1. Can you give me the angle between helix A:103-112 and the longest principal axis of chain A, using Cα atoms only, in degrees from 0 to 90, rounded to the nearest 10?
2. If we hang a label 7 Å off Cα along the beta carbon direction at A:Lys428, how far is it from the matching labels on the other copies, in nm, shortest first?
3. What order do you get for A:Lys326, A:Lys402, A:Lys186 when you list them from fewest to most C-beta neighbours inside 10 Å?
4. Is the shape of region B:105-168 best called rounded, prolate or oblate, per the rule: a/c under 1.5 gives rounded, else a/b larger than b/c gives prolate, else oblate, with a ≥ b ≥ c the square roots of the Cα gyration tensor eigenvalues?
5. Please work out whether region A:391-458 counts as rounded, prolate or oblate from its C-alpha gyration tensor, where a ≥ b ≥ c are the square roots of the eigenvalues and a/c under 1.5 means rounded, while otherwise a/b larger than b/c means prolate and anything else oblate?
6. Taking only Cα atoms, what is the 0 to 90° angle, nearest 10, from helix B:200-210's long axis to the longest principal axis of chain B?
7. Quick check on the exposure proxy: order B:Glu196, A:Glu116 from fewest to most C-beta atoms within 10 angstrom.
8. What size of dipole, in debye to the nearest 20, comes out for region A:17-354 about its Cα centre when the only charges are +1 on Lys and Arg C-beta atoms and -1 on Asp and Glu C-beta atoms?
There are 2 protein chains.
Amino acid sequence: MSAIKPSIPKGTRDFLPEKMYKRQQVIGTIKDTFEKYGYAPLETPSIEKLKVLSGKYGDEGEKLLFKVLKRGTGLENLLKEENEFVVSEYDQLVEEALRYDLTVPLSRVVAMYQNELTMPFKRYQIQPVWRADRPQKGRYREFYQCDIDTVGTESMLADAESLAIVDEILRKLGFTKFVIRLNNRKLLNGILEYSEISGDQSVSAMIAIDKMDKIGLDGVRKELEGRSISAQSISKLLSVMEFTGTSEETFSFLSKTCGANVSVQTGISELDEIANYTESLGMPQDSYKIDLYLVRGLGYYTGPIYESVVEEPKIGSLTGGGRYDKLIGMFSGNDIPATGTAFGIERIIDVMEQLEMFEDIKTKTKVLVTIFDGDSIADSLAFAAELRKAGIATECFPEAVKMKKQLSYTNKKGIPFCILIGPDEIAKHEVSVKSMDSGEQTTLSRSDAVSFLLKNSMG
Amino acid sequence: MSAIKPSIPKGTRDFLPEKMYKRQQVIGTIKDTFEKYGYAPLETPSIEKLKVLSGKYGDEGEKLLFKVLKRGTGLENLLKEENEFVVSEYDQLVEEALRYDLTVPLSRVVAMYQNELTMPFKRYQIQPVWRADRPQKGRYREFYQCDIDTVGTESMLADAESLAIVDEILRKLGFTKFVIRLNNRKLLNGILEYSEISGDQSVSAMIAIDKMDKIGLDGVRKELEGRSISAQSISKLLSVMEFTGTSEETFSFLSKTCGANVSVQTGISELDEIANYTESLGMPQDSYKIDLYLVRGLGYYTGPIYESVVEEPKIGSLTGGGRYDKLIGMFSGNDIPATGTAFGIERIIDVMEQLEMFEDIKTKTKVLVTIFDGDSIADSLAFAAELRKAGIATECFPEAVKMKKQLSYTNKKGIPFCILIGPDEIAKHEVSVKSMDSGEQTTLSRSDAVSFLLKNSMG
């Protein structure tokens with residue numbers, strides 16, 4: 001038989017059961033916490049119209065959209081009949097693309113269903129997104145995002161809640177050494193204004209600042225020089241940026257040096273509010289630090305921005321978000337404020353695997369019922385049904401093959417108990433329960449066996 | 001502000017929270033049952049290589065594949081510079097497509113990871129699939145499938161288990177008037193052989209038989225005549241097909257009339273085994289009926305086939321599946337037997353809505369903590385955190401607006417309790433608990449309030 005060589009597209013992955021149990025564990029923890037904070041579920045289509053996605057992710061992001069070929073172009077048929085197909089307009093072939101994130105679809109949803117939604121609208125969304133990025137360690141072309149957003153309020157309470165949720169979830173997953181970097185776009189803009197950097201140059205300067213992590217302060221200085229920003233501006237900018245201290249100290253330094261700038265003032269006061277609210281919410285105050293170098297690439301942020309990073313391994317951010325008070329207006333015509341955060345669960349899982357934070361689950365099946373021979377099948381099936389009725393996850397081996405093979409399957413799968421029902425057991429209306437761990441085997445009445453397994457296989 | 005008119009692609013849907021709660025309810029029931037029978041989770045990429053999908057779904061299916069535009073074609077850039085882009089080979093533009101079902105991806109997975117998987121491999125998979133079908137009532141372009149399959153055994157036990165699971169899940173969801181139509185491709189092939197219908201004509205005959213539901217026996221006869229099948233063959237075929245009776249009677253009739261045919265013999269014996277096994281598993285025997293007219297479109301079935309239908313409303317099948325012992329071999333080179341079933345959860349949900357089978361859930365939030373004024377925010381936040389710590393899903397209203405507005409939000413969202421914390425409550429370290437249902441308001445110590453809400457908001 002000549003077979004099709006099975007393979008999958010670059011940057012995509014199959015998740016076999018053991019991997020899936022880990023994903024379900026992480027997603028379950030995230031979802032439960034979202035619901036505990038009152039967020040409600042939303043799902044949107046994987047395919048969005050290109051005009052909805054266009055102009056939201058910057059030039060770089062735009063290139064990464066996975067586009068879907070329009071149906072009914074006749075492309076395939078024409079190529080069968082003729083040698084070529086001439087395309088003269090892009091939208092002759094493409095009108096739709098796979099979603100790139102969950103924030104733009106949310107904004108579209110809010111604009112479309114404004115009258116049905118009660119504001120503030122708190123939603124969570126856990127779905128895959130697609131980016132035609134160059135695949136590399138920790139970066140995939142299809143990956144899940146887990147987002148929460150609060151729409152319809154300018155209150156910093158919503159931003160503080162995002163931070164508290166990030167903190168709570170990372171701790172619940174077992175992370176101890178992480179920090180949430182916190183900054184504010186208004187503050188950044190104010191500092192640039194104070195440094196007399198404006199227009200295109202401010203975008204340039206932001207790109208340079210964003211690289212601090214990778215190239216250090218000297219690197220940033222060189223970048224700024226390379227981007228033809230005046231020496232005076234660079235000096236003013238860096239004299240502010242290079243300050244280090246606690247949140248309190250940073251706020252007070254900024255007020256003193258550039259607090260005359262309205263954007264700086266607003267930025268500080270927003271961050272200060274967030275500090276107070278997170279404290280009231282019981283979030284450990286060493287979980288976050290003010291980081292003036294945090295920019296976050298996406299163009300749509302307008303206020304507080306935040307991302308969480310682990311000390312080890314160096315893998316980028318685990319979560320990231322911020323306030324975007326202007327994005328929904330691009331769809332609705334009227335501005336509707338919004339803020340929220342995304343959990344990069346692929347990275348979270350990668351890090352948890354690397355740091356061996358998972359408890360390995362090989363199977364959720366608790367009991368395997370063997371089949372002794374053709375005559376005993378009915379009894380085995382009936383007992384399996386009895387166990388399932390009691391809520392015990394039970395498999396039946398599907399063939400009356402040698403017992404050794406059935407036991408070896410049970411072992412390989414990591415199923416803790418197996419049941420043997422042969423002629424003796426059938427005659428006495430009993431079953432033999434074998435613990436795969438200890439090898440111990442006990443013969444019990446059927447109802448005692450159910451009770452025993454219920455007690456020993458739960459939790 | 002000039003806004004982008006927000007809309008979504010034809011045949012796709014947004015699921016707002018109330019709809020999502022229904023979907024979660026159905027998917028949760030399905031997933032729990034799958035796990036109780038020992039199926040393990042699998043996820044595969046949304047995008048598959050075109051060569052993996054091609055040739056699996058028949059000509060009609062092939063046309064419905066959503067194709068993904070290849071990256072790096074230069075199409076977009078070239079069109080900016082020149083007026084046209086000439087395509088001379090189809091795979092110049094397209095190499096990948098969105099998955100069409102979950103069975104072909106499973107087959108690819110089994111072939112790719114043969115050495116890692118312990119056979120029999122029982123997996124469940126709950127993911128969306130895409131078909132560029134003409135959208136209509138109950139038919140979407142993006143929809144979830146929920147599949148179970150058992151790979152690596154020819155045993156009819158696996159097929160019987162599929163039937164038992166369909167029966168159990170439909171009952172758990174609240175369906176009472178449904179029936180699982182059961183047939184066998186070997187039996188059908190045997191009946192066609194017996195009727196001296198072969199080659200292309202047997203495909204033609206199957207298509208005609210499949211229409212029984214819609215056009216009745218006379219219609220089928222006309223179809224067969226129209227497809228130039230000989231009068232003698234039609235008469236032989238219909239003399240078998242038109243038999244009606246219980247499973248037992250049908251088996252005995254078939255054995256008598258065409259039991260000399262080996263395929264008929266095997267088909268009957270497989271169905272008979274399934275009947276016995278489902279009975280042992282405790283499945284009500286009136287849940288299924290042998291239906292010789294069941295064909296199921298897909299080309300890859302080789303043995304038992306089954307689908308479940310409800311009497312009302314007429315909406316097609318809710319679940320469908322069967323045995324496909326040759327499909328995996330198309331990838332692996334060696335045949336690996338497999339069988340399984342898919343739950344059409346979109347139709348299931350549509351029917352459940354139509355029959356009003358859902359308990360409406362508006363929100364999962366149990367308590368809303370109001371904000372009295374700027375001075376009380378810290379107390380409100382701290383108490384919200386206390387409630388969440390106790391496991392109670394709690395929202396905090398994010399703004400210190402008029403109490404009337406906060407109560408109206410609580411009401412509209414269907415949140416059962418709200419908490420008021422004003423200066424009096426703060427002074428006494430108390431909170432007021434208001435039941436939105438009865439309007440009753442009680443002032444309690446904070447710890448009593450937590451206990452009260454824990455008792456009254458759970459379950």
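Just so it is clear, none of the values below were taken in a lab; they were calculated from the coordinates. All figures in this text were calculated on a predicted structure; none of them were measured in a lab. Using ideal geometry, Cβ is built from the backbone for each residue, glycine included, and neighbour counts are taken over all protein chains shown.
1. 80
2. Ordered by distance, the counterparts are at 6.8 nm.
3. Working: A:Lys326 17, A:Lys402 9, A:Lys186 24.
Fewest to most other Cβ atoms nearby, the residues stand as A:Lys402, A:Lys326, A:Lys186.
4. Here region B:105-168 falls in the oblate category.
5. Numbers: a/c = 1.64, a/b = 1.10, b/c = 1.49.
Oblate, since a/c reaches 1.5 and b/c is not below a/b.
6. Relative to chain B, helix B:200-210 is tipped by roughly 50 degrees.
7. Working: B:Glu196 13, A:Glu116 10.
If I rank by nearby Cβ atoms, fewest first, I get A:Glu116, B:Glu196.
8. Numbers: 41 positive and 52 negative charges, 101 e Å.
About 480 debye.
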